[in-house]
Amino acid sequence: MKNQLRLTSFEKRMNKEMRFHLEAHIEELKASGMPHEEARKKALREFGNIEFHKEECRDVWHRRFLENIVRHLRLTGRQMLRNKGFTLIAVMTLALGVGANTAIYSLANAVLFRSLNFPDPNQLVFIEDWHEEFSGFSVSYPNFRDWHDQQNSFSSFSLYRREGYNLLDSEGALRLTGSAVTHEYLEAFDIEPLIGRLFSHSDDQPSSEATALLGERLWRQKFGASEAVLGETINLTGQLFTVIGVVPDHYPLDNQDVFTPLGRKAERFTNRGSHPGFKVIARLKPGVDIETARTDMVSIASRLETQYPDTNTGWTVSLQSLEERLFSKSKPALVALLAASGFLLLIACVNVANMQLARSHGRREEFGVRASLGASKLQVLGQLTVESLSLGLLGGVAGVALALLSIRWLKDIFGQHLPRISEVQMDASTLVYLLFISLATSLLFGIGPFRQAARLSQREALNSGSRTSESPQGRKWKSVLIVTEFALTAALLVGAGLMLRTTANLYKSDPGFNVEKRLTFSWRLAGSDYDEGEKRIQIVNLALERLATLPGVIDAGVVNPLPLTGDTNNPYYIDGTPLPDPTDLVSASRFWVGPNFAETVGLRLIKGRTFNEFDTGNSEPVAIIDSKFAQQVLPDSDPIGKRIVIGMGPPSDPSAWKRIVGVVGHVDQFGLTNTARKQLYVPISQEPQRSYWFVLKTKGNPMSLANAIRKELGEIDPNLPPQNIRPYDALFERTISNERLLMQLLAILSALALVLAAVGLYGVLSYTVRQRTQEIGIRMAIGALPQTVRNLILSSGLRLASIGLLIGLLASLGLSRFLSNMLYGVSEFDGVSFAMVAFVLGMVGLLACWAPAYRATRIAPSLALRGE
């Protein structure tokens, strides 16, 4: 306010001084005998442009810049209020582009760009066993001990395995997620406990007292965040553990409810050839890079291969950084979405640029008048700059609201499909990004009007009117922008079309079993009560009998592991075949199944039989193989009746042989987009397990049975609660979630781009019709038919749309390669997708051209000529 008052006072003094000098010169001329009116006119001519002299004075007093800003802002405000429709459409268009781009950026920022919330995450490395047949495999515990003792590249070297626990107390059983870890594990992440301490070396020994760490979530929900929990004894799956600390929830590899020391169970894992689900995570020493560490670890693996040829032949190690491990699967989809949202933002800018060009052409006379009053080209350009920045910032403000809504929606739809999804938010870096793209878009869509105003001469501007034809440069700019808009839209549509075809192929593909109207849940027989295999079989059979009688249940089966959740890989040997080379890991995925599992999930029987109630622990051991196994291993013989053993060669115990009694269809146990190994099945009655997955075939909504299942199993054993109760098709959906979500988001962005492209083409042609009213009137006056005029307008619009479509399709041939790793059953050069895009975009272009072309045929020649 003070600055504004000073400016006003300055203007008053300057105007007073200008009048003084002008009146003094008039008096001099009158003193020489010249009449007053003639003296005044001569003084004005000699004095020159008063506004120009005022500008010079303002420059001298260094107030011109601030005053110009204020003046430009006032004029911009008046222009926006006078053209409410233009302002609203421009701001909404920019808000769509800015909001969508900001929302996708916030997603990518949280998942890809923002550092993990612990020190030096780039120093953490995952290490796994590696064989030519397996790109990454769980680690043998004896191998881990040798790696730990011989490596020179890591400051901490730890082992972990996901575990499930039942927390037993007076309130019943609560199923917990957790991990068994070595004592260096949490130290590798440099995590400090909220209370208490972490594991020490003494906690991680076979003879150690049983200790446990609680996760923050469990500590707050179950124990009321009380520090009195330290030293308290808790019952985990029938074993007592002493709580020694609480781990905060920013643990980076999924928040866990409980951690236990793995070393206490080390004596169970002395078999070097066993790979029981262990993973290694280690922290590099300062100054050591991952390639140096890889060389070190490969050297150790090579020594172990020589030292233990029976178990380690053909095995080495694989190393992967933590960030690559967490985000490598998500990165391609997020990069594709960032590119798509960038295309949408560019399309929005092109639309607003076209609107600005049309509007600036109508303001040519205004610019001429301002120039004649002393305004320089720099001032005119300054006004256009302020107008563009104002529109861009208003679009950015509106985009904030749209981005906030979009972020909430993105978090809902991505759910558990992306790591760190809970960290997606509108933070400071996102706001800085939003401000940057708002300013960048302002300059981008303002380039055309700037160039047009810069090239405009004062004479041309004053001689122009609303009826004057647009300059060739203006028409060229509009044409280029429309072509660009359609090219970008075509590229977006091709990406969406490819992902649409991929998703359709995934849904149509047969995974080898039926997931519709199936309910699944896991059940672990924990505790010493189920150490004997016979008791496990009895309780599983009892559970199957009671679950099968529930209302709405057609059939019940049991399996371990559940297809789509993983597998257990084992070597095998077929009786009468040559002994396998030790360097060649001959293996298959093994599943333990109940007698009715194949019928419950619709597993196709090709030959022989499935398991039945006569396959017991006292009968001949049997097995079933899948069609892939039969084709690859026994292509020229009947597999039924042949003997197989789980192992590398003939067993020393004759009872280890299993008779093959059936062949079933192949199952995609890792999902449709991952290669599945050949498979064999054994009955749980002959090899009882601790953990099982139940599958119920239902008549209606599977989840309606959840409470009944908990009740039935609670009556059987209240200490064994079922976990992960969910429809089987939900698991199937998760296997194709990346492709489906990418398709949905690309489709939404493409639809918005399509609308903007259609509106842009329609607007340009409508403006062209208005500009060519006189020409069209003359054509019709001298005999042009309405269809000729219509075709003239249609051809000009469709020509631009066709050029843009062609450029976009050609560009898509290169851009679609970025999606190649996410495609299924379709090539990145898929002709159907390209043809579909050409048809859709062509029809949209035709519809956008039709209304202006039809309006042109309704122009009355007499009215058009009379208007001139």
- Residues being within 33 Å of the chain's Cα centre (by Cα) and among the hydroxyl-bearing types (Ser, Thr, Tyr) - total across the range 254-290: 0
- On the given criteria, is GLY552 surrounded by fewer than 19 Cβ atoms within 10 Å (Cβ to Cβ) and either at positive phi or not acidic (Asp, Glu) (or both)? yes
- Task: Would you mind finding the one in ARG272, ARG268, ARG264 that is of a type outside the set (Val, Ile, Thr), free of Cβ contacts under 8 Å to residues at least 24 places away in the same chain and within 29 Å of ARG690 (Cβ to Cβ)?
- Result: ARG268
- Task: Select the strands (runs of 3 or more DSSP E) contained entirely in the range 117-190, then report the ones holding at least 1 residues which are farther than 30 Å from ASN724 by Cα and in contact (Cβ under 8 Å) with a residue 60 or more places away in the chain.
- Result: 124-131, 154-169
- Query: Do you know which of the residues in the range 599-644 that are open to solvent by 70 Å² or more (accessible area, probe 1.4 Å) and in a helix (DSSP H, G or I) is farthest from ALA656 (Cα to Cα)?
  - Reply: GLU599
- Query: Is there a residue in the range 555-562 that is closer than 30 Å to PRO654 by Cβ and in a loop (DSSP other than H, G, I, E, B)?
  - Reply: yes
- Query: Within the range 185-204, is there a residue that is under 21 Å from THR233 (Cβ atoms), out of contact with any Lys or Arg (no Cβ under 6 Å at 6 or more places or on another chain) and modelled with pLDDT under 85?
  - Reply: no
- Note on the structure: Expected single match for surrounded by 15 or more Cβ atoms within 10 Å (Cβ to Cβ), charged (D, E, K, R), in contact (Cβ under 8 Å) with a residue 12 or more places away in the chain and farther than 16 Å from PRO142 by Cβ among LYS285, LYS279 is LYS285
- Task: Return yes when LEU742 is part of a helix (DSSP H, G or I), touching a residue at least 60 places away in the same chain (Cβ under 8 Å) and on the phi < 0 side of the Ramachandran plot and no when it is not.
- Result: yes
- Item | Scope the range 679-714; condition free of Cβ contacts under 8 Å to residues at least 40 places away in the same chain and among the charged types (D, E, K, R); matching residues | ARG710, LYS711
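To keep it simple, each residue is scored yes or no on (1) outside any loop (DSSP other than H, G, I, E, B); (2) hydrophobic (A, V, I, L, M, F, W, C); (3) farther than 23 Å from PHE611 by Cβ.
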{"residue": "LEU680", "(1), (2), (3)": "yes, yes, no"}
{"residue": "GLN689", "(1), (2), (3)": "no, no, no"}
{"residue": "TRP693", "(1), (2), (3)": "yes, yes, no"}
{"residue": "ASN707", "(1), (2), (3)": "yes, no, yes"}
{"residue": "GLU712", "(1), (2), (3)": "yes, no, yes"}
- Subset tally (residues that are of a type in the set (D, E, K, R) and open to solvent by 70 Å² or more (accessible area, probe 1.4 Å)) for the range 297-322: 2
- Take the residues in the range 814-857 that are open to solvent by 60 Å² or more (accessible area, probe 1.4 Å), in contact (Cβ under 8 Å) with a residue 12 or more places away in the chain and within 21 Å of the chain's Cα centre (by Cα), then tell me which one is nearest to ARG799 (Cα to Cα). LEU815
- Note on the range 281-301: residues over 13 Å from SER321 (Cβ atoms), in contact with a strand residue (DSSP E or B) (Cβ under 7 Å, 6 or more places away or on another chain) and not hydrophobic (A, V, I, L, M, F, W, C) are LYS285
- Query: Among the candidates LEU213, LEU168, LEU218, LEU159, which residue alone is on the phi < 0 side of the Ramachandran plot, among the hydrophobic types (A, V, I, L, M, F, W, C), surrounded by 18 or more Cβ atoms within 10 Å (Cβ to Cβ) and modelled with pLDDT under 90?
  - Reply: LEU168
- Message: With part of a helix (DSSP H, G or I), open to solvent by 10 Å² or more (accessible area, probe 1.4 Å) and acidic (Asp, Glu) as the only criterion, which of GLU485, GLU534, GLU516 stands out?
- Response: GLU534
- Message: Any residue in the range 498-509 that is in a helix (DSSP H, G or I) sitting within a Cβ distance under 7 Å of a residue that is among the hydroxyl-bearing types (Ser, Thr, Tyr) and open to solvent by less than 80 Å² (accessible area, probe 1.4 Å)? List the pairs, counting only those 6 or more apart or interchain.
- Response: LEU498/SER816; LEU498/SER833; ARG501/SER833; THR502/TYR824; ASN505/TYR824; LEU506/TYR824
- Item | Residues of the range 180-205 satisfying the condition of being crowded, with 20+ Cβ neighbours inside 10 Å and under 18 Å from VAL280 (Cα atoms) | ALA180, VAL181, THR182, HIS183, GLU184, TYR185, LEU186, ALA188, PHE189, PHE199, ASP204
- Task: Consider only pairs whose beta carbons are under 7 Å apart and that are at least six residues apart or on different chains; among these, list those whose first residue lies in the range 541-565 and is modelled with pLDDT of 90 or more and whose second residue is among the aliphatic types (A, V, I, L, M) and in a loop (DSSP other than H, G, I, E, B).
- Result: VAL558/ILE684
- Checking ASN101 against (1) open to solvent by 20 Å² or more (accessible area, probe 1.4 Å); (2) over 22 Å from THR260 (Cβ atoms), which test does it fail? (1)
- Query: So which residues in the range 493-511 are surrounded by fewer than 22 Cβ atoms within 10 Å (Cβ to Cβ) and not aliphatic (A, V, I, L, M)?
  - Reply: ARG501, THR503, ASN505, TYR507, LYS508, SER509, ASP510, PRO511
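The values are calculated or read from the model by the stated rules, or taken from the named source; none is laboratory data. Only a predicted model underlies this, so the values are computations on that prediction, with no experimental measurement involved. Cβ coordinates were reconstructed from backbone atoms using ideal geometry, including for glycine residues, and neighbour counts include every protein chain displayed. To get the accessible areas, we keep the full protein, side chains included, count just its heavy atoms, and leave off ligands, DNA and RNA. Shrake-Rupley method; radii C 1.70, N 1.55, O 1.52, S 1.80 Å.
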